[in-house]
Amino acid sequence: MPLTRSLLLAVLSGCLAACVLTGPKFMKPTVSVVSVELIRASLLQQSFLVKFNIQNPNDRELPVSGVHAELSVMGERIASGVSNRGFLVPALGSADFEMTITANMGLALLKLARSQDERANSIDYDMTGAASLDLPFLRAVPFHESGSIALR
């Protein structure tokens, strides 16, 4: 009986390995920032509507269950947001989605004042985060976008 179990386990393991080796390759989707719009502002807190685009290079649709993102300016995190609104990205296609991020522009203004003192022509930013997927083999797709904003 133990030999039968061992043989059955070996056959199942071989089948699983064959499925993995012959299964379709998954290519990582890309996430990019399309636009940022100020929707609310007070002295200490601001809310922005950020529009993202996710491109799916795979031959199957991607069920996105949520997104989280953080914005850093000159290495200082100034904004973050989360969304649990799900959507589908079509196979070999793209989809736009929006989310609100909340910022403390006081930190950004301090960084901006320092960069002005140093006679900088731009300010660097980083947008990082991840799109959560409702797939058994891939739970999240991280993204990172860097750039600079001209000050003059």
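None of the figures in this text is laboratory data; all of them are computed from the coordinates on show. None of these values were measured; they are calculated from a predicted model. Positions of Cβ are backbone-derived with ideal geometry, glycine not excepted, and every protein chain shown enters the neighbour counts.
Could you give the dipole magnitude of segment 27-150 about its Cα centre, charging the beta-carbon of Lys and Arg +1 and that of Asp and Glu -1, in debye to the nearest 20?
160
Between Arg139 and Met27, with labels modelled 7 Å along Cα→Cβ, what's the label distance in nm to one decimal, could you check?
Taking the simple label geometry, Arg139 and Met27 are separated by 2.7 nm.
Given H placed 1.01 Å from N in the peptide plane, which residues other than close sequence neighbours of Ser80 have an amide H under 5 Å from its amide H?
Answer set, sorted by chain and number: Leu71, Thr102.
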